[in-house]
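What follows is one structure encoded as C-alpha cells, with my remarks underneath.
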Amino acid sequence: MENIIIKARPIGIIHTPFEQAEGTPIQPVKGKGAKGWVEVDNAYVEGLKDLDGFERIWLLFWCHRASKYKLQVKPYMDTQVRGLFATRAPSRPNAIGMSCVKLISVDGNRLEIEDVDMLDGTPLLDIKPYAAKFDHFPVTRCGWIDAADHQGQTKADNRFFQEENK
Ligand SMILES: C[S@@+](CC[C@H](N)C(=O)[O-])C[C@H]1O[C@@H](n2cnc3c(N)ncnc32)[C@H](O)[C@@H]1O
C-alpha cells in the first residue's frame with residue numbers, strides 16, 4: 001500500500017478573504033455569507049457546463065498550509081482529544097478538505113461562491129455538484145459532535161496552521 005504514490009494536479013485556486021487560519025470559519029455552515037471565488041484553470045472550463053444549475057457545490061481542496069498531522073487532536077468544537085479520522089481537522093496524512101459552498105454564479109472560468117472556510121490561495125482538486133438526493137442522509141447520531149463542549153465555536157485558531165507554508 002505505501003508504495004502507491006498518487007499525484008494530483010490542482011484544477012484551480014480558491015480565493016477567499018482569509019489569509020490565516022485564525023478567524024477563518026471552521027465549516028461553511030459557520031461562515032454563512034463569507035464570499036470567495038474560484039479561478040478554474042482554463043484547461044477545465046469546458047467541464048463547468050451545466051454547473052450553474054446547482055445551488056451548492058462540493059469543493060475538494062488541498063490544505064496546503066496545514067501543520068504536520070497528529071493522529072489524535074483536539075477539534076475546534078471540543079475540549080476532548082479525538083481520533084483524527086473522527087474529526088474534520090485540516091492537518092491530515094492527505095490534507096484533503098471538502099466544503100459544500102453556495103454557488104452564486106459561473107462566468108467563464110470564474111465561480112462566485114459563498115460560505116467559504118478555506119484560506120486564500122487554496123489549491124482546488126475537484127468540483128462536484130451537491131445533490132440533496134445523493135448527499136443528504138437523515139441520521140440519528142453524529143458521535144462526539146452531538147455533545148461537543150464548544151457547539152457555538154464558529155472560527156478557527158492557529159492550532160493546525162503552519163505559518164511558514166504561505
Ligand atoms: C476544520 S477545516 C474544515 C474544512 C472542510 N470543510 C472539511 O470539512 O474538510 C476548516 C479550517 O481549515 C483551515 N484551512 C482552510 N484552508 C486551509 C489551507 N489551504 N491550509 C491550511 N488550513 C486551511 C482553516 O483554519 C479553516 O477554518
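The values are calculated or read from the model by the stated rules, or taken from the named source; none is laboratory data. Values in this document were obtained by computation on a predicted structure and should not be read as measured data. A quick note on method: Cβ atoms are made from the backbone with ideal geometry, for glycine too, and the neighbour counts reach across all protein chains shown. The accessibility values were calculated without ligands, DNA or RNA, using every heavy atom of the protein model including side chains. Shrake-Rupley method; radii C 1.70, N 1.55, O 1.52, S 1.80 Å.
Computed quantities for the displayed model
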| quantity | calculated |
| --- | --- |
| Total lysine pairs under 20 Å (Cα atoms) in the chain, excluding pairs fewer than 8 apart on one chain | 19 |
| Sparse-neighbour loop sites [trypsin sites (Lys or Arg not before Pro); region 61-105; at most 14 other C-beta within 10 Å; DSSP] | Lys68, Lys70 |
| Projected area, mean over directions - region 12-131, Cα convex hull, nm² | 7.4 nm² |
| Accessible-area composition of region 12-131, carbon plus sulfur, in percent [1.4 Å probe] | 52 percent |
| Per residue, in Å², the accessible surface of region 12-131 once ligands and nucleic acids are set aside, probe 1.4 Å | 52 Å² |
